[in-house]
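No lab work stands behind these numbers, since they all come straight from the coordinates. Since the model is a prediction, treat every value here as computed from it, not as a measurement. Neighbour counts run over all protein chains shown; Cβ positions are idealised from the backbone, glycine included.
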Amino acid sequence: MTLTLYMHPVSTVSRPVALFVAEKKLPITERVVDLMKGEHRGPEYSAINPNMQVPALEEGDFRISESSAILKYLASRFNLPEYPADLKERARVDMVMDWFNTGFYRDFGYGLLYPQIFPHHKRPSDEAQNVTVNWGKDKAKAALAILDKSILGTNDYVANNRISIADYFGIGLVTAGEIIGCTFAEYPNVQRWIANMKKLSTWESVNQVMYGFAGSMKDKTFERV
Ligand SMILES: N[C@@H](CCC(=O)N[C@@H](CS)C(=O)NCC(=O)O)C(=O)O
């Protein structure tokens, strides 16, 4: 059965799935959905994912969205150790993925990052924009301190001290900050983890388009961490 990943190479939550697929050499066809042209809102794609967002995965008449669920499905489908079978180890992976998805991403992505780079996320007044971005920045800093000191500490990976889909997921979210020039200088363990994850052999090829987009923003001024 053919597996198709609908994605966009700049999308924060498509990149973790694309990286996992590339790194594990999974037999999956990638299909870019042109977000810039609004293809995700067209009838063909909205039939695949009614949320009109990427990524989505299709295998015959089985279709799922949500990057976190897709990573879990793929790791289970191909029986990969990045989603451990041991219940407690798996629970730690789930915990960190939920933490990234429902906590960190909300403040860092939707608070700090997106209102500054995407016109449709920009708030309608300067005051609302400043409040949103500064709130996001404060909360993101608190989350990064937790990632740095508690989740990572001296460990190399975010769960079970072994690479897992939680690392793939989290690294996509955290490195989206590079678009606005985040260096994470106050978070040495986060910096070490990022550098480590960037050693994955497919990192450059998977993230090339995102870094091109980041390059197009490099002369702008942003609130960053
Ligand atoms: N919770 C979803 C979020 C998906 C999402 O926000 N995708 C963005 C790209 S990063 C998208 O497709 N945006 C298009 C739009 O909202 O118009 C997931 O993790 O898959």
The whole-number value in µm²/s of the Stokes-Einstein translational diffusion coefficient for the range 67-119, with Rh from the Kirkwood sum over alpha carbon pairs at 20 °C and 1.002 mPa s, is 171 µm²/s
Please give, to one decimal in nm, the separation of the simple spin-label points placed at LYS25 and ASN51, each 7 Å out from Cα toward the Cβ. 3.1 nm
Taking a spot 7 Å from the Cα of HIS120 along the direction of its beta carbon, which residues of the range 4-35 have an amide N less than 13 Å from it? 34-35
For the range 3-77, what is the convex hull volume of the alpha-carbon atoms per residue, in Å³? 78 Å³
Determine which lysines satisfy two conditions relative to LYS88: a Cα distance under 18 Å, and not lying fewer than 8 residues away in the same chain. LYS72
LYS24's amide H: which non-local residues (gap 5+, or another chain) put their own amide H closer than 5 Å, with H modeled 1.01 Å from N in plane and none for Pro or chain starts? none
Take every Cα pair under 8 Å in the range 1-98 that's 6+ residues apart, average their separations, divide by the length, and report that relative contact order as a whole percent. 27 percent
Quickly work out the GLU186-to-ARG77 label distance, labels modelled 7 Å from Cα along the C-beta direction, and quote it in nm with one decimal. 4.0 nm
Per the Kirkwood treatment, what hydrodynamic radius in Å, one decimal, follows for the chain from the mean inverse distance over all distinct Cα pairs? 18.1 Å
Can you pull a Stokes-Einstein diffusion coefficient for the range 87-215 at 4 °C (1.567 mPa s), Rh from Kirkwood over Cα pairs, as a whole number of µm²/s? 85 µm²/s
Take the Cα of GLN129, step 7 Å along the line toward its Cβ, and report every residue of the range 171-191 whose backbone nitrogen sits under 19 Å from that point. 179-182
In straight Cα distance, which lysines are under 30 Å from LYS218, not counting same-chain residues fewer than 8 positions off? LYS37, LYS122, LYS137, LYS139, LYS141, LYS149, LYS198, LYS199
When ranked by the protection proxy of mean other Cβ atoms within 10 Å per residue, highest first, what sequence do the peptides 181-188, 63-70 form? 63-70, 181-188
